[in-house]
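Values quoted throughout were computed directly from the atomic coordinates according to the rules given, and no laboratory measurement underlies them. Only a predicted model underlies this, so the values are computations on that prediction, with no experimental measurement involved. Here Cβ is always computed from backbone atoms with ideal geometry, including for glycine, and neighbour counts include all displayed protein chains.
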Amino acid sequence: MATLFFAILLILPGTCLGHAFPDHSDPKVGAEVKGSPSQVRIWFDSDLEPAFSTIMVHTAAGKMVDKRDGRVDPQDPKLLEVSVPPLPPGTYHVIWNVVARDGHRTNGDYTFSIK
């Protein structure tokens, strides 16, 4: 019985975490890229709730520049993406807010630059 109790304790921490954290992005965090991307995309380590997950791209001055079509990819529930028009050289701020399928919210931001 004690063995079963300790086995359950070992399993619970991993199953209770549940938050979705970024795995990688395109453009990469802090990257300096040549030319404007057509999309900004972030892959997470768990599935996202599309209705409660957002992504935005702003200039360094705070002006929103994305096409306001942020979404979780229907073919890949771990991918959050937004389209952007051709962007001039400068620094851009990506702001994201996601809810994992289990209801836990995570948010963050990063920058990238265009040469």
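For every other residue with a beta carbon closer than 14 angstrom to the beta carbon of residue 48, add +1 if it is Lys or Arg and -1 if Asp or Glu, then tell me the sum.
It works out to a net charge of -3.
What's the angle, to the nearest 10 degrees (0 to 90), between helix 2-17's Cα axis and the longest principal axis of the chain?
10
Report, by chain and number, residues whose modeled amide H sits under 5 Å from the one on residue 47, excluding near sequence neighbours (fewer than 5 apart, same chain).
Long-range HN contacts for residue 47: 101.
Could you check what % of the DSSP bridge pairs in the chain are antiparallel, to the nearest 5?
Approximately 95 percent, going by the DSSP bridge assignments.
Can you give me the long-range amide H partners of residue 31? Hydrogens built in the peptide plane at 1.01 Å from N, cutoff under 5 Å, separation of 5 or more residues or another chain.
Those lying under 5 Å, H to H, from residue 31 are 113.
Starting from the Cα of residue 78, draw a straight line to each of the lysines and keep only those under 23 Å, dropping any in the same chain fewer than 8 residues away.
By straight Cα distance, residue 78 reaches 28, 67.
Could you tally the net charge around residue 57, taking each other residue with its Cβ under 14 Å from the Cβ of residue 57, Lys/Arg +1 and Asp/Glu -1?
Around residue 57, the charge tally is 0.
Using a cut-off of 9 Å between beta-carbons, work out the net charge of the residues near residue 82 (Lys and Arg +1, Asp and Glu -1, residue 82 not included).
+1
Show which lysines lie in cross-link reach of residue 34 when reach means a straight Cα distance below 20 angstrom and same-chain residues fewer than eight apart are skipped.
Output for residue 34: 115.
When Kirkwood radius over Cα pairs in Å is calculated directly from the model, which label among (1) 15.3; (2) 14.4; (3) 17.0 fits?
It is the value labelled (1).
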